[in-house]
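Here the structure comes first, spelled out in structure tokens, and everything after it is commentary.
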Amino acid sequence: MKRIFYVLPFLLALYMGCGPSSNTPTPTSSLPLGTFTGPYTYVHTHFNTGVKDTTRGSLQLSVENATGYSVTGDTSKHAGSYGACYVNPSTGYINFVDKTAPASGTPAKIHLNGLYLYSYDGTNFQLQQEGALDTTAIIYNLKKTGS
């Protein structure tokens with residue numbers, strides 16, 4: 001029995017150093033208001049094969065208290081859209097309600113829609129959302145460019 005007490009700290013240190021890590025944004029209390037630009041990455045992992053399809057692009061996101069949000073920029077793969085957004089700085093989540101998203105089915109383009117974990121330090125605005133069964137993920141790495 002005493003041997004387990006000698007091995008336990010070693011196993012704990014091994015787990016902490018080699019255990020699972022996360023690239024999720026750290027929640028913050030600042031409200032992300034203004035204009036932001038930067039890249040996004042959408043990754044779809046095929047459930048049966050594990051093969052990943054990646055889509056990248058750049059966009060502009062405007063977030064205002066009075067009007068909600070709008071997405072513009074390169075809309076060849078990401079939908080230009082607008083709608084309401086609700087920020088909860090105490091949980092680190094922001095919810096986008098896209099008025100242009102289809103009511104059913106799979107949209108032809110990526111939409112900024114739904115619940116995202118976010119971090120914002122006054123300049124850098126990062127959003128991350130993972131889809132069902134962890135087969136999809138979208139990450140936005142934006143920088144503030146205007147008020």
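Remarks
- Extending 7 Å from the Cα toward the beta-carbon at both Leu31 and Ser147 defines two label points whose distance is 1.5 nm.
- Note on Val51/Leu115: beta-carbon distance plugged into 1/(1 + (r/R0)^6) with R0 of 30 Å gives a FRET efficiency of 0.65.
- Residues of the range 111-147 with amide N under 18 Å of a point placed 7 Å along Cα→Cβ from Thr41: 117-119, 124-131, 134-143
A short reminder: the numbers here are calculations on the coordinates, not readings from a lab. Fair warning: this is a prediction, and the values are worked out from it, not measured in the lab. Methodologically, a virtual Cβ is constructed for each residue, glycine included, from the backbone with ideal geometry; neighbour enumeration extends over all protein chains shown.
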